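The values are calculated or read from the model by the stated rules, or taken from the named source; none is laboratory data. On a predicted model such as this, the values are computed, not experimentally measured, just so you know. Glycine gets a Cβ as well: all are built from the backbone with ideal geometry, and neighbour counts include every protein chain shown.
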Amino acid sequence: MAEMETKQAVRDNGKTHAEMQRFSEDTQQATRRNADAAARSLGEVSKGLQAIASELTEYSKQTVEEGVRAFQQLLGARSLGQLIEAQAQFASRALDRNVSSITKLTEMYLATMRQAEPIRQESNRQLNT
């Protein structure tokens, strides 16, 4: 009887070892997939943020240039009417530029997040399995 129990224990131990090894391999594969998904996601977000930073740089450059032109127009005004007109034109252009820029930046941000979303979902799915 003791011999049968010993053989059963060896078989059980073998199963336990195989199960542990399979669990370890599954864990390594899941970790690798999650790391790959995270790297892809970060890559997409990084590209998007770089594009947003470039857009902000261009916006800042245009804002400074427009401000200098407006200041020059204000200095060249020969009457109060011209001064008010130059200021009104500057304010109108600035508002249009700001609305346009904010709209574009919002679209860029949303596009960046949309690109990363499927990768995030896949990573979450893998974590829950």
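For this structure, a couple of remarks:
- Selection status of Leu83, part of a helix (DSSP H, G or I) and either within 30 Å of Asp26 (Cα to Cα) or in contact (Cβ under 8 Å) with a residue 12 or more places away in the chain (or both): no
- Test: Gln72 is modelled with pLDDT under 90 and over 36 Å from the mean Cα position of the chain (by Cα): no
- Test for Glu44: is it part of a helix (DSSP H, G or I) and free of Cβ contacts under 8 Å to residues at least 40 places away in the same chain: no
- Scanning segment 86-107 for residues that are among the hydroxyl-bearing types (Ser, Thr, Tyr), under 26 Å from Ala53 (Cβ atoms) and without any contact (Cβ under 8 Å) to a residue 12 or more places away in the chain returns Ser100, Thr103, Thr106.
- Every listed requirement among (1) of a type outside the set (A, V, I, L, M, F, W, C); (2) at pLDDT below 95; (3) in a helix (DSSP H, G or I) is met by Arg78 save one, (3).
- Condition check for Ala39: under 30 Å from Met108 (Cβ atoms) and at pLDDT below 90: yes
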